Amino acid sequence: MTIDQIRDQILRGVAGAATREALEEVRVTSLGRKGTVTELMKEIGALPADERRERGAALNRLKGEIEAAIAAAAKRLEGEALAARLRTERVDVTLPVKADPDGRIHPVSQTIAEVVAIFGEMGFSVVEGPHIEDDFHNFTALNIPPEHPARQEHDTFYLAGADAHGARKLLRTHTSPVQIRALQKTKPPLRLIVPGRTFRNDHDATHSPMFHQVEGLVVDRATHMGHLKGCLIEFCRAFFDIEQLPVRFRPSYFPFTEPSAEVDIGCSREGGGLRIGAGADWLEILGCGMVHPKVLANCGVDPDLYQGFAFGMGIERIAMLKYGIPDLRTFYDSDLRWLRHYGFLPLDVPSLVTGPAR
Ligand code: PHE
């Protein structure tokens, strides 16, 4: 075959290649290590010197032509592939968003979001504090001195290693130490809630060594018990979504509030099932009181100028009551069947933007 015939044949192959693979095949069989043109190049070594130069130049030109043709064909194929995708792959931007049916929001997260949304509407902001606390913030500043019996009741987890004064760090037993941190940092007036983890050395059907609380703190010049009652009654009714939910304040004791109260909501236990909002029974759901003057003074706030109220409640407890979850331990089993049953769809979580789910 003459060089012209070889050129025609190869260029026909390039033009006929419908895919990148076919084009690559043409390149290998013409310019590859054992390709037609490569083999012809090898042969010119045996030719007389003058013929060799001429033939060599002709073969180099041929090689250049083939390379250019292959590059042009590759570009054409790429353009065609893109055009085909643009023709077939279309996005319908008017289709509604589908919520992923597999993910679920854990009831603890859902409940925290609901509590934050309700208090958010009342002008509370959310703050957080450390899980590892010192004795001062968890106890002493909250008017629980070293020999106070409340320390035993808290079943505290202590960390190994005492400081120079023999004091050990601990896992906070409640969210109340964040009251101290907030009062030390921010000059009143303040109005905040603190959702977060707490830890006690206690484990059975109704106690877990790790659980969640939400603390509330309001401090201003004229805050009084009426504010505490109005705020917490409103919260209970919004959270359980029962407008006329009976709410009762029962005298109680906490070292860091005076007076102190526990809040009960009305319920019925007739026939074994618990029904919130009906009947003559009461169910305790949170602790509260007016911030003890000593606590304010411990934080450098003048108790003659300022007063306030505080409250604390267990997140799992109010979640169990609202959503009928019978066993606290199941919250931490990470059982997907449980989560699918008691969990919430991501788009249903209330927020400060969408408001409480009512
Ligand atoms: N810290 C208390 C507890 O863990 C709850 C509480 C908070 C009570 C604030 C009154 C005021 O039981």
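Odds and ends about this structure:
- The stretch 299-327, residues that are outside any loop (DSSP other than H, G, I, E, B) and more than 15 Å from the ligand (Cβ to nearest atom): Ala319, Met320, Leu321, Lys322, Tyr323
- Strands (runs of 3 or more DSSP E) completely within the stretch 150-261 that count 1 or more residues being at pLDDT 95 or above and within 14 Å of the ligand (Cβ to nearest atom): 168-171, 190-199, 210-220, 247-254
- Number of positions in the stretch 224-237 that are over 17 Å from Glu284 (Cβ atoms) and open to solvent by less than 10 Å² (accessible area, probe 1.4 Å): 0
Conditions (1) at pLDDT below 90; (2) open to solvent by less than 70 Å² (accessible area, probe 1.4 Å), marked per residue:
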{"site": "Leu31", "(1), (2)": "no, yes"}
{"site": "Gly35", "(1), (2)": "no, yes"}
{"site": "Glu51", "(1), (2)": "yes, no"}
{"site": "Ala72", "(1), (2)": "no, yes"}
{"site": "Lys75", "(1), (2)": "no, no"}
{"site": "Glu78", "(1), (2)": "no, no"}
{"site": "Pro101", "(1), (2)": "yes, no"}
{"site": "His106", "(1), (2)": "no, yes"}
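- In the stretch 285-298, the residues that are away from the ligand (no atom under 11 Å from the Cβ) and touching a residue at least 24 places away in the same chain (Cβ under 8 Å): Ile285, Pro293, Lys294, Leu296, Asn298
- Considered as a group, the residues in the stretch 108-148 that are assigned to a loop (DSSP other than H, G, I, E, B) and open to solvent by 70 Å² or more (accessible area, probe 1.4 Å) include one that is nearest to Arg197 (Cα to Cα), and that residue is His131.
- For the stretch 243-255, a residue qualifies if it is touching a strand residue (DSSP E or B) at 6+ places or on another chain (Cβ under 7 Å) and open to solvent by 10 Å² or more (accessible area, probe 1.4 Å), and the qualifying residues are Pro246, Val247, Arg248, Phe249, Arg250, Pro251, Ser252, Tyr253, Phe254.
The values are calculated or read from the model by the stated rules, or taken from the named source; none is laboratory data. Quantities reported herein were computed from a predicted structural model and do not represent experimental measurements. Ideal geometry is used to build each Cβ from the backbone, glycine not excepted, and the neighbour counts take in all protein chains shown. When the accessible area is computed, the model is the full protein with side chains, heavy atoms only, and any ligands, DNA or RNA have been set aside. Shrake-Rupley method; radii C 1.70, N 1.55, O 1.52, S 1.80 Å.
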